[in-house]
Amino acid sequence: MTMEPELFAILACPLCRAPFDQSASGADTMVCSGCAASFPVVEGIPVLLPDRATRA
Ligand SMILES: [Zn+2]
């Protein structure tokens, strides 16, 4: 499953409010362009919870 490009325009990192890096993100990960935290994508739904973040 592929993330909808439109989602990247409206979603922001819960840690720093920066937009996500679409080129660095994949079908199962969302990567923040600001703080480089990554968030899991479960069945196409990004889990944008601070305690689910993986810091690079
Ligand atoms: Zn961030």
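Each value in this text was obtained by applying a stated rule to the coordinates, not by laboratory testing. Since the model is a prediction, treat every value here as computed from it, not as a measurement. Backbone-built Cβ (ideal geometry, glycine too); neighbour counts: all protein chains shown.
With a point put 7 Å past each Cα toward its Cβ, work out how far Leu15 is from Val47 in nm, to one decimal.
About 1.6 nm, to one decimal.
Over the residues of the chain, compute the C-alpha Rg and express it relative to 2.2 N^0.38 Å. Present the calculation step by step, with values, prior to reporting the outcome.
Values: Rg = 9.7 Å, N = 56, 2.2 N^0.38 = 10.2 Å.
Relative to the 2.2 N^0.38 Å estimate, the chain comes out at 0.95.
Show me the ranking of peptides 5-12, 31-38 by mean Cβ neighbours inside 10 Å, starting with the highest.
Working: 5-12: 12.4, 31-38: 18.6.
Result, highest mean Cβ count within 10 Å first: 31-38, 5-12.
Using +1 at the C-beta of Lys and Arg and -1 at the C-beta of Asp and Glu, which of Val41, Val31, Phe8 has the Cα lying farthest in the positive direction of the dipole of the chain?
Going by the charge dipole, the pick is Val31.
Separation between the Asp28 and Glu4 pseudo-spin-labels, each 7 Å from Cα along Cα→Cβ, expressed in nm?
2.3
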